[in-house]
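Student: The structure's right below; bear with me while I get my questions together.
The values are calculated or read from the model by the stated rules, or taken from the named source; none is laboratory data. Because the structure is a prediction, the values reported are computed rather than measured. Don't worry about glycine lacking a Cβ; one is built from the backbone with ideal geometry, like all the others, and counts go over all protein chains shown.
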Amino acid sequence: MTTKTRPDVSPFRSADHLPKRRGGQAPDPAYLPRQRAGVTPQMHGRYPDFDILSQEDAWDEVTRRVVLKRLEPYGEPQFFSADEWRTLSAFSDVLLAQHSAPKVDVLAHVDAKLAAARGGGVNGYQYDDLPSEQETWRRSAAGLDETAQARGAADYAEAPTEVQAAILSDFMDGRLRGGAWAGMNVVRAFQVIAGDLLEGYYSHPWAWNEIGFGGPAYPRGYMRLGMALDEDGDQREPWEKPETRDIDAALLKDNEAHLGSKVRAEEPVNLDWLKTEAARAAQVAAELAANPRPFRANSYKRLLKGAIQPRENDSFRLLHVHRRAVPQENMRRYADDDEVDLLIVGAGAGGGVLAQRMARVGWRVVVLEGGPFWDPDADWVSDEAASHHIYWNGKRIIGGNDPVALGKNNSGHGVGGSMVHYAGYVPRFHPSDFMTQSLDGVGADWPISYWDVTRHYEACETELPAAGQDWPWGHVHRYTHSPHPISGAAERLIVGAGKFGMAMRVGPVGIANGTFGNRPHCIYRGFCLQGCKVNAKGSPLVTHIPDAIEHGAEIRANSTALRVLMDGARATGVEYVKGGQIRRQRARRVAVAGYAIESPRLLLNSAQKDWEDGVGNRFDQVGRYVMVQGAPVVMGRFPEMLRTYKAPPPEVSTEQFYETDAGRDFKRGFSIQTTGPLPIGFSHSILGEGHWGDALREYGRDYNHWASLGGLCELLPHPDNRVTLADVTDHHGLPVARFDHSLHDNDKKNIAYAKRFIRGLLEQSGAQDIIAVDRFAHLIGGNRMGFGPQDSVVNSDHKVWGTENLFVTDGSACPTQGSANPALTIMALSSRLGERFSRNQVPDDQPTPQPRRQKDRAELFGPVG
Ligand SMILES: Cc1cc2nc3c(=O)[nH]c(=O)nc-3n(C[C@H](O)[C@H](O)[C@H](O)COP(=O)(O)OP(=O)(O)OC[C@H]3O[C@@H](n4cnc5c(N)ncnc54)[C@H](O)[C@@H]3O)c2cc1C
Ligand code: SF4
């Protein structure tokens, strides 16, 4: 039996919690009915008639292969030794409460993952107080045995259940010291190990049976999203099964009462402050409704919504109706010796748009992309655990007081960049984001204003296309496509927010609502973060790259830039590696667009004659002012079945709290957005709150009852939050990036407030239990745009100070981030630069005139398009 106890939590949140455990019951969840169809671990579950494998014929071939392989017996371990296997299997059973057969062979999943990544990065980052992930696993296995021996057992596997549980608890809380644990941050080692094990468990079809997860529905997707909640709210597909009601009704009642009442009784929330906030929110909502801003030109758009096609981008027509891959047969190829007009590093949000814009006006463009050219049909898997290959998993070292986990949560790899697996929210920045220093005395002013980018926002929204309700915050605007239908979870939250006096809007998402050229409509299957196999979700891979190719650009995949080549102030090309060969592409101009980590790294790794500290780094600015957003996830448990996995994770959001508010004790603000975690993501939040063993499993079985809101808090730029070069090298022999990050006072207050606020909101909406975990999202900065080389890396035309023809055109150029997700802004900035290039407004060899400084507050309420 597990014994994790936390003094400040309700019984439901302790590891002992089992809603139906009555004195002396065995740890096996025997209070649940036996599985009648399919298999669950220990053959008990809440959905005894549900067998996800009955749907396997409806899955796409690649996904089916990957998922069914998990059911095959696993051979000899490839990474772990026999002793390690024994120890870690026992540990995994305790963590996951797998007390009896049949069990999910979780360690097999981890063993295969570690073996595949031998020598390279596993999850895309390494804490500076931990060894490599492989070494962390080995040392933890040794540490578990040593600790068990110190407590009188032969080893961990042989230790009595209570001892195993106590060691696990000490491991989680970082109380293990000395021996194999020495020199490791034990809390973080636990997070690494437990995270991998959870992935192994909740990626298995038996676990999906247990929790009633609908799985990788494709090609048909979901049709019953949970709209119009009925009595028990379970809007499921015909093949999805209802939650069982044939278990002991009295116990079930206890369970629900327990979930519903205990938390509030034991953790009373003082709602007075919420009432003040609610009044303020209601007032803003009323003002917005009473004073709609004029829409003029946009009134026509409203009439034409959905029928509007992008004027200068044919991507949506260039894709095949039945195949997802981008046609490359006729792609133009350039020789390394050709001095192309523009060489771009990185085919993501920034690089992809710039390539398309310049190819359209006849420039000879080459894009070097380190990752592959994705074919969604063949390469992508509708599965959380099998999508690692689309994330940037190369090693990066993270440190500082508040290190930021990278990898899948933060950056992508391959043509399309991070947007291939981004969630799909596409809000604009507010006008105030471009002048936070002038307005609020914090952050930084940009050398350009919102109005310099407005029409590029509009163009990119049409090209994605963006779908959503009319937007009342920031610069009021409308969207190209009307809003998507929403899931039961989002509906629950939007209704709850309304009761609370808060306005939420559906969208905005960069997902086609209705067909769009040859791109099909969204089928609400919720695998946006794993790459949308449907092509409904926009990313440069489908929204700009096809048009760039059609107009003569070459997208050179699997080509990693090693350094920018300089001749004094002129960039002459880029040295890169492709197929093991080191090559040099010549170019008249170079644009770096490799993301907020890799772009500073590339400039720093490009140290050479005249640029001894890295290109553009004469004033030690490269890599500084990297920002993330505080992105706490707060989940609420509701009595209805919400099945949050249906629909794209981003559904409804509010920017009502975006700007500085004198009533709060911090500057700037936050937005709130729904997130729709799939089972592995959900289980990480449960673990993050400290639940393991039987409690973890019980929370897991409850998956379909939970809805999730994320805060997106503006964190301010600080020079010490920076990318530098680590003393570890990659397989090309180049130093990898090190990213140090610490929260400052304003940042902490903002996150704490947003978390408290969302918690209150969920309480008001009727949530019976609440879980909140901290995380970060969305890196930008590092090569920021500014007014001079002493405090920035590029000027208002993205040109690196001190160079004539080197540009940075990705998120690293942004000086602030607001509380809006950044992808659309990054695209719009590239679109603006493209326009300036094509109008000859960015001369190669003259310094760009000092841009005007935006100080006029009236600008916030300036032209409305
Ligand atoms: C899980 C997740 C969810 C997200 N959700 C949202 C969201 O809902 N809304 C939103 O607005 N944003 C979201 N984002 C963030 C958004 O995707 C990024 O901010 C945006 O894509 C960054 O654009 P970029 O041009 O800076 O870099 P990227 O789009 O990452 O492109 C960089 C490209 O450069 C390549 N590259 C890097 N170094 C080299 C090199 N040396 N040589 C060759 N190629 C190189 C990389 O492989 C990559 O393809 C999300 C991101 C993630 C990971
Ligand atoms: S956008 Fe997301 S929910 Fe819609 S089809 Fe694509 S993966 Fe599925």
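Student: Among the candidates ALA159, ALA108, ALA153, ALA141, single out the residue that is in contact with a Ser or Thr (Cβ under 8 Å, 6 or more places away or on another chain) and of a type outside the set (Phe, Trp, Tyr).
Tutor: When all the criteria are applied, what remains is ALA141.
Student: Here's something else I'd like to know. For the structure I just gave you, tell me whether ALA752 is farther than 30 Å from ARG563 by Cα and free of Cβ contacts under 8 Å to residues at least 12 places away in the same chain.
Tutor: Considered against the rule, which asks whether it is farther than 30 Å from ARG563 by Cα and free of Cβ contacts under 8 Å to residues at least 12 places away in the same chain, ALA752 comes out as yes.
Student: Output the residue which, of all residues in region 470-493 that are surrounded by fewer than 21 Cβ atoms within 10 Å (Cβ to Cβ) and within 11 Å of GLU651 (Cα to Cα), is modelled with the lowest pLDDT.
Tutor: Per the stated criteria, the residue is PRO485.
Student: While we're on this one: Do we have VAL110 as within 30 Å of ASP740 (Cα to Cα) and surrounded by 19 or more Cβ atoms within 10 Å (Cβ to Cβ) here?
Tutor: Yes.
Student: Right, next: Filter region 547-563 down to the residues that are within 10 Å of ligand 1 (Cβ to nearest atom) and assigned to a strand (DSSP E or B), then identify the one that is nearest to ASP610 (Cα to Cα).
Tutor: Ranking the qualifying residues of region 547-563, first place goes to ARG563.
Student: Filter region 498-529 down to residues that are of a type in the set (D, E, K, R) and assigned to a strand (DSSP E or B) and give me whichever is farthest from ligand 1 (Cβ to nearest atom).
Tutor: Among residues in region 498-529 that are of a type in the set (D, E, K, R) and assigned to a strand (DSSP E or B), the one farthest from ligand 1 (Cβ to nearest atom) is ARG519.
Student: Residues in region 788-830 that are within 16 Å of ligand 1 (Cβ to nearest atom), within 20 Å of GLN841 (Cβ to Cβ) and assigned to a loop (DSSP other than H, G, I, E, B): how many?
Tutor: The qualifying residues number 2.
Student: Please verify whether PRO719 is in contact with a strand residue (DSSP E or B) (Cβ under 7 Å, 6 or more places away or on another chain) and either at pLDDT 95 or above or not assigned by TED's automatic domain parsing to the domain that holds GLN790 (or both), treating the condition exactly as stated.
Tutor: Answer is yes for this residue.
Student: Report yes if some residue within region 693-704 is small (Gly, Ala, Ser), closer than 25 Å to TRP471 by Cα and touching a residue at least 24 places away in the same chain (Cβ under 8 Å); otherwise report no.
Tutor: no
Student: Out of the helices (runs of 4 or more DSSP H) lying entirely within region 367-468, which hold 1 or more residues that are more than 10 Å from ligand 1 (Cβ to nearest atom) and of a type in the set (Ser, Thr, Tyr)?
Tutor: Per the criteria, 436-440, 450-463.
Student: Of the conditions (1) within 15 Å of ligand 2 (Cβ to nearest atom); (2) without any contact (Cβ under 8 Å) to a residue 40 or more places away in the chain, GLY531 satisfies every one except a single condition; which number is it?
Tutor: So the condition that GLY531 fails would be (2).
Student: Do you know which of the residues in region 51-76 that are in a loop (DSSP other than H, G, I, E, B) and more than 30 Å from the chain's Cα centre (by Cα) is farthest from ARG525 (Cα to Cα)?
Tutor: GLU76
Student: It is to be established whether one or more residues within region 721-732 are farther than 21 Å from GLY782 by Cα, surrounded by fewer than 21 Cβ atoms within 10 Å (Cβ to Cβ) and free of Cβ contacts under 8 Å to residues at least 12 places away in the same chain.
Tutor: no
Student: Kindly check whether there is at least one residue in region 488-498 that is out of contact with any helix residue (DSSP H, G or I) (no Cβ under 8 Å at 6 or more places or on another chain) and within 27 Å of ILE545 (Cβ to Cβ).
Tutor: no
Student: Please go through region 407-420 and pick out each residue that is within 16 Å of ligand 2 (Cβ to nearest atom) and touching a Phe, Trp or Tyr at 6+ places or on another chain (Cβ under 7 Å).
Tutor: LYS408, GLY412, GLY416, SER418, VAL420
Student: If the requirement is being within 16 Å of ligand 2 (Cβ to nearest atom) and either modelled with pLDDT under 95 or not basic (Lys, Arg) (or both), which of these qualifies: GLY614, GLY517, GLY623, GLY630?
Tutor: GLY517
Student: Also, I was wondering about something else. Being assigned to a strand (DSSP E or B) and hydrophobic (A, V, I, L, M, F, W, C) is the filter here; which residues of region 772-787 pass it?
Tutor: Within region 772-787, ALA772, VAL773, PHE776, ALA777, LEU779, ILE780, MET785 meet the criteria.
Student: Looking only at region 530-546, which residues are assigned to a helix (DSSP H, G or I) and either farther than 22 Å from ARG332 by Cβ or not hydrophobic (A, V, I, L, M, F, W, C) (or both)?
Tutor: Answer for region 530-546, where residues must be assigned to a helix (DSSP H, G or I) and either farther than 22 Å from ARG332 by Cβ or not hydrophobic (A, V, I, L, M, F, W, C) (or both): GLN530, PRO540, THR543, PRO546.
Student: Considering every residue within region 634-646, establish whether at least one is under 30 Å from HIS477 (Cβ atoms) and within 16 Å of ligand 2 (Cβ to nearest atom).
Tutor: Yes.
Student: Name the residue, out of ILE549, ILE582, that is among the β-branched types (Val, Ile, Thr), under 18 Å from ASN313 (Cβ atoms) and either out of contact with any helix residue (DSSP H, G or I) (no Cβ under 9 Å at 6 or more places or on another chain) or away from ligand 2 (no atom under 16 Å from the Cβ) (or both).
Tutor: Of ILE549, ILE582, the one residue that is among the β-branched types (Val, Ile, Thr), under 18 Å from ASN313 (Cβ atoms) and either out of contact with any helix residue (DSSP H, G or I) (no Cβ under 9 Å at 6 or more places or on another chain) or away from ligand 2 (no atom under 16 Å from the Cβ) (or both) is ILE549.
Student: All but one of (1) over 30 Å from LEU716 (Cβ atoms); (2) within 14 Å of ligand 1 (Cβ to nearest atom) hold for ARG601; which doesn't?
Tutor: (1)
Student: Follow-up. Given the options ARG664, ARG618, name the one that is away from ligand 1 (no atom under 15 Å from the Cβ), in contact (Cβ under 8 Å) with a residue 40 or more places away in the chain and not assigned by TED's automatic domain parsing to the domain that holds HIS430.
Tutor: Criteria check complete, one pass: ARG618.
Student: Ok, one more. Yes or no: region 464-478 includes at least one residue that is in contact with a Ser or Thr (Cβ under 6 Å, 6 or more places away or on another chain) and at positive phi.
Tutor: The answer is no; no qualifying residue exists.
Student: Can you go through PHE516, PHE500 and tell me which one is outside the structural domain of ALA647 (by TED's automatic domain parsing), of a type in the set (Phe, Trp, Tyr) and in contact (Cβ under 8 Å) with a residue 24 or more places away in the chain?
Tutor: After applying the criteria, what remains is PHE516.
Student: Out of VAL442, VAL426, VAL404, which single residue is more than 16 Å from ligand 2 (Cβ to nearest atom), over 30 Å from ALA207 (Cα atoms) and assigned by TED's automatic domain parsing to the domain that holds ARG832?
Tutor: Of VAL442, VAL426, VAL404, the one residue that is more than 16 Å from ligand 2 (Cβ to nearest atom), over 30 Å from ALA207 (Cα atoms) and assigned by TED's automatic domain parsing to the domain that holds ARG832 is VAL442.
Student: Okay, next question. For the structure I just gave you, tell me whether LEU604 is assigned to a helix (DSSP H, G or I), within 16 Å of ligand 2 (Cβ to nearest atom) and under 24 Å from THR809 (Cα atoms).
Tutor: no
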